[in-house]
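Notes follow the structure.
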Amino acid sequence: MKQPDELITELLKHLDQNPGREGLRETPQRYAKFLEEFVQNQPPKITVFDSEGYDEMVIQTRIPFYSICEHHLVPFFGYGAIAYIPNEKIIGLSKLARILDYFSHRLQNQERITKEVAEFLAEAVQPKGVGVILEARHLCMEMRGVQKPDTLTTTSTVRGIFKSDPRTRGEFVQLAKAGK
């Protein structure tokens with residue numbers, strides 16, 4: 001079985017008239033290292049604390065994320081808003097960004113990341129509700145195909161009270177927009 005850098009070398013032979021030139025000599029190793037670092041992330045270590053009676057929405061906005069489109073193998077990137085309403089537990093604040101990183105650092109699609117983040121958070125702290133909104137630019141749309149630069153794709157998912165109570169969902173959407 002060929003090593004990743006060998007496969008990338010083969011690909012470069014098909015993409016460039018002079019794959020042995022100085023600028024490309026170490027590209028297979030660099031690209032293989034990038035891919036390995038990007039997709040070999042570990043699940044976040046979750047820190048959970050007693051909510052001490054806090055039962056209002058916790059929301060983080062403008063959480064940057066990067067991923068690789070599983071259909072075209074090019075990047076997509078953007079910002080996320082993640083919210084939850086504690087039941088009995090709260091999660092360490094840095095963990096929200098770590099959860100988003102964990103699910104985005106792989107070959108993915110935006111819809112799945114949105115869903116996986118919500119499911120993970122719901123399982124980790126069993127809150128009254130969870131909401132996730134991702135807004136991203138997809139280079140597969142900007143550089144190829146339809147070629148529409150700066151197009152944003154927005155995905156959202158809600159669980160629990162965010163789904164059953166329109167006021168809670170509205171507050172989440174409003175706070176997510178205000179955080180931009």
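The values are calculated or read from the model by the stated rules, or taken from the named source; none is laboratory data. No experiment lies behind these values; they were computed from the predicted model shown. Cβ placement follows ideal geometry from the backbone for every residue including glycine, while neighbour counts extend to all protein chains displayed. Each accessible area value is taken on the protein alone, full model and side chains, heavy atoms only, with ligands, DNA and RNA left out. Shrake-Rupley method; radii C 1.70, N 1.55, O 1.52, S 1.80 Å.
Checking the structure you have, find out if any residue of the range 1-22 is assigned to a loop (DSSP other than H, G, I, E, B) and in contact (Cβ under 8 Å) with a residue 24 or more places away in the chain. Within the range 1-22, one or more residues are assigned to a loop (DSSP other than H, G, I, E, B) and in contact (Cβ under 8 Å) with a residue 24 or more places away in the chain. Here is the figure for the range 47-61: residues that are assigned to a loop (DSSP other than H, G, I, E, B) and under 17 Å from the mean Cα position of the chain (by Cα) total 0. Scanning the range 116-143 for residues that are of a type in the set (Lys, Arg) and under 14 Å from Phe65 (Cβ atoms) yields one hit, Arg137. Scan (1) touching a residue at least 24 places away in the same chain (Cβ under 8 Å); (2) loosely packed, with under 11 Cβ neighbours inside 10 Å; (3) closer than 21 Å to Arg106 by Cβ for the single condition Glu56 breaks and write down its number. Of (1) touching a residue at least 24 places away in the same chain (Cβ under 8 Å); (2) loosely packed, with under 11 Cβ neighbours inside 10 Å; (3) closer than 21 Å to Arg106 by Cβ, only one is false for Glu56: (3). Put simply, of Asn109, Asn87 the only residue that is over 18 Å from the mean Cα position of the chain (by Cα) and not basic (Lys, Arg) is Asn87. Out of the residues in the range 150-160 meeting the condition of being open to solvent by 50 Å² or more (accessible area, probe 1.4 Å) and in contact (Cβ under 8 Å) with a residue 40 or more places away in the chain, tell me which one is nearest to the chain's Cα centre (by Cα). Among those that are open to solvent by 50 Å² or more (accessible area, probe 1.4 Å) and in contact (Cβ under 8 Å) with a residue 40 or more places away in the chain, it is Ser156.
Taken together, the residues in the range 98-124 that are out of contact with any Ser or Thr (no Cβ under 9 Å at 6 or more places or on another chain) and either more than 25 Å from Glu142 (Cβ to Cβ) or surrounded by 22 or more Cβ atoms within 10 Å (Cβ to Cβ) (or both) amount to 9.
State whether the residues of the range 62-81 include one that is over 14 Å from the mean Cα position of the chain (by Cα), buried (at least 20 other Cβ atoms within 10 Å of the Cβ) and either under 24 Å from Lys148 (Cα atoms) or touching a residue at least 12 places away in the same chain (Cβ under 8 Å) (or both). Checking the range 62-81: not a single residue is over 14 Å from the mean Cα position of the chain (by Cα), buried (at least 20 other Cβ atoms within 10 Å of the Cβ) and either under 24 Å from Lys148 (Cα atoms) or touching a residue at least 12 places away in the same chain (Cβ under 8 Å) (or both).
Within the range 39-52, the set of residues being modelled with pLDDT under 95 and more than 18 Å from Leu96 (Cα to Cα) comprises Val39, Gln40.
Of all residues in the range 125-149, those being over 15 Å from Ala83 (Cβ atoms), touching a helix residue (DSSP H, G or I) at 6+ places or on another chain (Cβ under 8 Å) and open to solvent by 40 Å² or more (accessible area, probe 1.4 Å) number 3.
When Pro44 is tested against (1) in contact (Cβ under 8 Å) with a residue 60 or more places away in the chain; (2) crowded, with 16+ Cβ neighbours inside 10 Å, exactly one condition is not met: (1). Is there any pair with a first residue in the range 88-108 that is within 14 Å of Pro44 (Cα to Cα) and a second that is hydroxyl-bearing (Ser, Thr, Tyr) and open to solvent by less than 50 Å² (accessible area, probe 1.4 Å) whose Cβ atoms are under 6 Å apart and which are 6 or more apart or on different chains, and what are they? Close Cβ pairs satisfying both conditions: Ser104/Ser67.
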